[in-house]
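Comments concern the structure below.
The values are calculated or read from the model by the stated rules, or taken from the named source; none is laboratory data. On a predicted model such as this, the values are computed, not experimentally measured, just so you know. Here Cβ is always computed from backbone atoms with ideal geometry, including for glycine, and neighbour counts include all displayed protein chains.
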Amino acid sequence: KSYRKWETTTVQTTCPYCGTGCQIDMVLKDGKIVDAEPANGPANKNLLCVKGRFAAFNFAQSKDRLTKPLIKKNGKFEKVSWSEAIDYIAKRFTELKTKYGPDSLAGFACSRSTNEDDYVLQKMVRTAFGTNNVDNCARVCHAPSVHGLGMTLGSGAMTNTIKDITTDVDAILLIGSNTTEAHPVIGVQIRSAVQHGAKLIVVDPRNIDLVKNSKLHLQLKAGTNIALINGMMHVIIEEGLADMNFIEQRTEDFDKIKALVADYTPEKVAEICGIDANLIVEAAEMYAKAKKAPLIYCLGVTEHSYGTEGVMSMSNLALLVGKLGKPGCGVNPLRGQNNVQGACDMGCDPFDFPGYQKLNTPGVVEKFEEAWGTKLNPNVGKTSTQVMPAAGEGKIKGLFIFGEDPIVTDPDTNEVRHDLENLEFLVVHELFMTETAEYADVVLPGLSYLEKDGTFTNTERRIQRVRAAIKPLSGVKQDYDVFTEIATAMGYPMHYNSASEIMDEIAQLVPTFGGVSFDRLENPNGLQWPCLDVHDPGTPIMHVHEFTRGKGLFMALPYHPAKELPDDKYPFVLSTGRELYHYNTRAYSERTEGITELAGLGRDKSYIEMNQVNADELGIKDGDRVRVSSRRGTLETYANVGQRVLPDAAFMTFHFPDGNANIVANPMTDDIARCPDYKVCAINIEPV
Ligand code: SF4
């Protein structure tokens, strides 16, 4: 270590990577962060994973940071003053709005940034731009949870707490979550629950690490979750394991689900899923008979052509056995980014104002018109997955992107590049010159989480403080100030003196945040919404006496095959996901020496996991270069041959620029939440 303890001070803040919301003490010496140590937060209990421990601060002190606004002039970026940049942005967006109408503009919020920044961003888009074309990256991960659980339970968030679902439980049903890599500190707590006697059921097409700790592994074919859940419900009803009291008192439409699943016999479902029928029976019995058994899921459920239906299947199953509104149970989506829960809560969504107050609910638009003192557009906006193709078709003309890099993160990279090129005006607000920023007309420097005060909301609805540990980079504004200045220059005056003042406005307008304030957030446990007033301690377990929508709604959902299926030309099914050492675009994690050497099988290069059977057929050895192609594009990468994926299946991450899986990935979306199917993409693999 390059410091002595007595030379340092610490500032406690919240990890900027995944939605676990681990608390970290930043260790400071002479105004610089020199280390990060685990703090005793409610979600992490003094634990941190490799990213939080070693890669949570170097990026903020990196020499690569953008420091000045840049305007592209004659094809080259030139440094300009803030006033020139703001005036130019306001002028260009106003021109487009006048010429093509407000719905020709759109804004993307940043799920890595604070609630306060995102609240102001969506307010800028709704008031100054005059459109509801505002979204965040939940659209490409957990939007199906927001929509699906919103429809069946009335609230699209995790129902219980991390501690509750990993302490003193009898069984855990884990579906489509590679927890030890994507939410490592929750993964550790699941392992601990198993050591204390919980029976773990893993449902995953890959042989993930937690399989070693499981009683059962249902290694189903990607895209068949709904068939499996219908099959488990068939067994539960047939064997009299359904909780009929709960069903009668607290749910509706049970008859419809009963009629639907009558046809989903274990034998039929086994055929669809490619697993043993006995496993379906065992899993159903183990889950239904356990007194306390949480259902935990992640992107293996949501990122499908029928992802929202898949989410509703999760609540069907939990409703059937009465495992909702109780300790050690619930339906628990693990949200991806540190503040993607918050970005959704703050109304960075084309359907909802802050707090999931729906545009099409009578009185909601009027409520925000009165609060914000301006006329608002009453029409539901476009999702980010609709904005991009609309840009490609010339219907969206101007786009403001705050802290997102869709060229790296969105499926079908070639099409995304085309869409961005087709815009008349693009502003990117970022820490670094990303691939997407290269396409911008104006690039604005942003602040990292270590230079700002505010809040993040973790996956269990826990609002926690983010505290400025270091001074903002010289000449860089608070992000919310940038949005208020643009809005003001466009004719909607806005100003805030602090992040705390923004939270006070949120508390006034969002009933579920009614009791939240920075003063109350000094409590080391933060506050879990719903927190209705200043006397409300927050809500660890939702739906205890009644569901947010009243009764829990069963949705009868038949299984449909994925929208893109393999054929002779593209015979493999590719799923994409993350690995432990990197996070999504790597904007943060690649700037820490050591992490990149550990990643990607020690090569810091992209790779594709494939089964030994297919590798033998194709004459491919572990580590060989291979060509991967789909209906959208081609890339080259290294083969990682083994048994982790099923025969005829494959897996890649999108972390590595030398072969980003999104070049080939499938942009087809589900029909409700419009989330792309990152899990079932038909590809070919051949030796180079
Ligand atoms: Fe950060 Fe998530 Fe790791 Fe915790 S588990 S340290 S929140 S990346």
Problem - Search result, residues across region 73-127 that are surrounded by fewer than 24 Cβ atoms within 10 Å (Cβ to Cβ), in contact (Cβ under 8 Å) with a residue 24 or more places away in the chain and β-branched (Val, Ile, Thr) - result: Ile86, Thr94, Thr127
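Would you pick out the residues in region 278-334 that are among the polar types (S, T, N, Q), farther than 20 Å from Asp253 by Cβ and in contact with a His (Cβ under 7 Å, 6 or more places away or on another chain)? Steps first, please.
As a first pass, look at region 278-334 and keep what is among the polar types (S, T, N, Q): 278, 302, 305, 308, 313, 315-316, 332.
When the remaining residues are screened for being farther than 20 Å from Asp253 by Cβ, the result is 278, 302, 305, 332.
Of everything in region 278-334, just one residue is among the polar types (S, T, N, Q), farther than 20 Å from Asp253 by Cβ and in contact with a His (Cβ under 7 Å, 6 or more places away or on another chain), namely Thr302.
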Practice task
Please identify the pairs in which a residue from region 419-438 that is hydrophobic (A, V, I, L, M, F, W, C) has its Cβ atom under 9 Å from the Cβ atom of a residue that is surrounded by fewer than 17 Cβ atoms within 10 Å (Cβ to Cβ), counting only partners at least 6 apart or on another chain.
Solution key: Phe425/Glu95; Val428/Glu438; Leu431/Ser62; Leu431/Asp64; Phe432/Ser62; Phe432/Asp64; Met433/Asp64
Practice task
Using the structure shown, decide if Thr167 is surrounded by fewer than 24 Cβ atoms within 10 Å (Cβ to Cβ) and over 23 Å from the mean Cα position of the chain (by Cα).
Solution key: yes
Exercise for the section: Determine if region 448-458 includes at least one residue that is of a type in the set (A, V, I, L, M, F, W, C), modelled with pLDDT of 95 or more and within 19 Å of Met26 (Cα to Cα). Expected result: yes
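Name the helices (runs of 4 or more DSSP H) wholly within region 120-233 that hold at least 3 residues that are touching a Ser or Thr at 6+ places or on another chain (Cβ under 9 Å) and more than 16 Å from the ligand (Cβ to nearest atom)?
Working: elements: 143-152, 162-166, 179-182, 184-195.
Once the helices (runs of 4 or more DSSP H) in region 120-233 are filtered for at least 3 residues that are touching a Ser or Thr at 6+ places or on another chain (Cβ under 9 Å) and more than 16 Å from the ligand (Cβ to nearest atom), what remains is 143-152.
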Problem - Scan of region 452-492 for residues that are of a type in the set (Asp, Glu) and over 19 Å from Val120 (Cβ atoms), ordered by number - result: Glu460
Exercise for the section: Answer yes if at least one residue in region 71-84 is within 23 Å of the chain's Cα centre (by Cα), assigned to a loop (DSSP other than H, G, I, E, B) and among the small types (Gly, Ala, Ser), and no otherwise. Expected result: no
Practice task
Would you mind stating whether Lys99 is more than 16 Å from the ligand (Cβ to nearest atom) and outside the structural domain of Ala437 (by TED's automatic domain parsing)?
Solution key: no
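If you go through region 152-210 one residue at a time, how many are among the charged types (D, E, K, R) and at pLDDT below 95?
First, the residues of region 152-210 that are among the charged types (D, E, K, R): 163-164, 168, 170, 181, 191, 199, 204, 206, 209.
Retained after the next criterion (residues that are at pLDDT below 95): 168, 181.
Qualifying residue count, region 152-210: 2.
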Problem - Failed item in (1) in contact (Cβ under 8 Å) with a residue 24 or more places away in the chain; (2) in the same structural domain as Ser111 (by TED's automatic domain parsing); (3) within 15 Å of Ser145 (Cα to Cα), with Ile396 passing the rest - result: (3)
Problem - Conditions (1) at pLDDT 95 or above; (2) not assigned by TED's automatic domain parsing to the domain that holds Ile486: number failed by Ser83 - result: (2)
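Tell me which residues, restricted to region 597-608, are at pLDDT 65 or above and surrounded by 21 or more Cβ atoms within 10 Å (Cβ to Cβ). Even if it seems obvious, please write down each step before you answer.
Let us first name the residues in region 597-608 that are at pLDDT 65 or above, namely 597-598, 604-608.
Within region 597-608, Ser606, Tyr607, Ile608 meet the criteria.
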Handout entry: Any hit, region 430-438, residues being within 30 Å of Glu522 (Cα to Cα), within 16 Å of the ligand (Cβ to nearest atom), among the hydrophobic types (A, V, I, L, M, F, W, C) and not in a helix (DSSP H, G or I)
Key = no
Completion exercise
Across region 121-145, the tally of residues that are within 16 Å of Val365 (Cβ to Cβ) and modelled with pLDDT under 95 stands at 0
Completion exercise
Across region 24-50, the tally of residues that are more than 8 Å from the ligand (Cβ to nearest atom), assigned to a loop (DSSP other than H, G, I, E, B) and touching a helix residue (DSSP H, G or I) at 6+ places or on another chain (Cβ under 9 Å) stands at 3
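Could you please let me know if Ala487 is under 24 Å from Met26 (Cα atoms) and in contact (Cβ under 8 Å) with a residue 60 or more places away in the chain?
no
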Practice task
Considering (1) in a helix (DSSP H, G or I); (2) more than 11 Å from the ligand (Cβ to nearest atom); (3) more than 30 Å from Glu438 (Cβ to Cβ), say which one Arg53 fails and leave the rest.
Solution key: (2)
Problem - Restricting region 56-70 to residues that are buried (at least 19 other Cβ atoms within 10 Å of the Cβ) and either within 12 Å of the ligand (Cβ to nearest atom) or under 26 Å from the mean Cα position of the chain (by Cα) (or both), the residue that is nearest to Ser448 (Cα to Cα) - result: Ala60
